[in-house]
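Reading through the structure tokens given below for one structure.
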Amino acid sequence: MKIEGTTLFVSLNDSLMLSQESSIYDYLNQLSYRNLIVICLIIMFSIVFYLISLIVDSLVDKQKHYDLSVRSFERYEQAVLRRRQKDDDSVFKIKDESEELEERNRKLQFTIWTNRNLQVSFVHSVLCSIWLLYILIARHNELFADLLFNITWDSYLVLAFSCGYFLYDFYDICANGYLKREWVVCVHHWIVLLSFGYHMINLISVGYTVIALLMEFNSVFLHARKLLKFYAFKRNSLIVYSNCIANILSFILFRFGILGVILYSIKIDGHRVSVQYLCILITFILIMTVINVILFKRIVQKDLSVLMCVKAKNPNVNLDAQMMDNIDQDEKPIDMNQNIILLVEKN
């Protein structure tokens, strides 16, 4: 039987693989409590990430981590002070010394937590990227045979794996009392959880969801960018320079490129899904496109500054001192734009 969108003439091995993946679809489709199974898988992987966080905490030198967090926070404070002096803004100054000390301690604790949370996020992006790379190399025939209805165990479980991370990260934010501060990130996590969960339960667009998850390749360099800054790597070092180039190139390929692939998929497979599903998908793509454009503009400004810093070794290149001061200042006062940036960098 010919499946729409697949090649009519296939080899014996490809036929066996297609038959195997059809049997996986049929097996999952016959499960009476598939929704409960999906929920259990997600909870199981969230527990795995909780254990990963404990392992990361045990491996990291807590005193060194604290000292680095303090230095990172001090750089942030100095940047804020320079902006206030430049704008001659006294509105944000706290007159009460005790209130100022309490506010500073809260921000310092948030910086410490953010850096620890970032390490777990980096682990997720690396593990997820390795898993996705394996799927692309070893399971590409099954994956691209029919992205709408074909299912492999690898593609099904990698979605549950990422959902488990988003559930753990939501728990981590709530448990540390940052729900109000990170509410946009939490909303993003639940949108992803509901979207991935819907596809896993209804056995639709699992292949396309895996394609969308390829954005994690870029997340590796996004998280590495902040970790390199946290561990005080010099701006003109080779590893920072290489990461900046990889960050920009992977952003174009794995974020804008993936959005283009999904838009093309609407053209070739849009008639095979309901109109309601199609409208929700298009809305999601438009939102992600706007967010990625905002993030890409910010990344280019920061990373190009770092690349210029490397060129500054050449005495013929004059680099504005103020620009050099702003290279490392990724953190800004919390506002809606900052929350939008955090939303994308978390995914």
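What to note about this one:
- Positive-end residue, the range 231-303 charge dipole about Cα centroid, Cβ charges, pick of VAL293, GLN276, ILE266: VAL293
- Rounded to the nearest 20 debye, the dipole size of the range 199-294 about its Cα centre is 420 debye, using +1 on the Cβ of Lys and Arg and -1 on the Cβ of Asp and Glu.
- Ordering 115-126, 158-169, 134-145 by mean Cβ neighbour count within 10 Å, with the highest value first, yields 158-169, 115-126, 134-145.
- A Förster distance of 22 Å, applied to the separation of the beta-carbon atoms of LEU238 and GLN301, puts the FRET efficiency at 0.50.
- Calculated from the alpha-carbon coordinates, the range 180-241 shows an Rg and a Dmax of 16.7, 50 Å respectively.
- Cα lying deepest toward the dipole's positive end in the range 88-246, options VAL126, TYR156, ILE201, charges on Cβ: VAL126
- Over 19 Å between alpha carbons, listed pairs LYS267/LYS297; LYS62/LYS302; LYS180/LYS229; LYS107/LYS302; LYS234/LYS302: LYS267/LYS297; LYS62/LYS302; LYS180/LYS229; LYS107/LYS302
- FRET efficiency for the pair CYS40 and LEU286, taken as 1/(1 + (r/R0)^6) with r the Cβ-Cβ distance and R0 = 22 Å, rounds to 0.05.
- Gain in span if fully extended, VAL60 to PHE144, counting 0.36 nm per residue against the direct Cα distance: 26.2 nm
- Of the solvent-accessible surface of the range 137-264, computed with a 1.4 Å probe over protein heavy atoms with every protein chain present, carbon and sulfur atoms account for 73 percent.
- With 0.36 nm allotted per residue and the present C-alpha distance subtracted, the VAL70-LEU133 stretch has 19.0 nm of extension available.
- Kirkwood Rh (inverse of mean 1/r, distinct Cα pairs), the range 231-305, angstrom: 14.4
- In order through the range 185-198: 3J(HN,Hα) via Karplus (6.51 cos²θ - 1.76 cosθ + 1.60), integer Hz, x for Gly, Pro: 4, 5, 4, 4, 4, 6, 5, 5, 4, 5, 5, 4, x, 4
The values are calculated or read from the model by the stated rules, or taken from the named source; none is laboratory data. Bear in mind the structure is a predicted one, so any value in this text is a computation, not a measurement. We place every Cβ from the backbone using ideal geometry, glycine too, and count neighbours over all the protein chains shown. The protein model used for the area step is the full one, side chains on, heavy atoms only, and it has no ligands, DNA or RNA in it. Shrake-Rupley method; radii C 1.70, N 1.55, O 1.52, S 1.80 Å.
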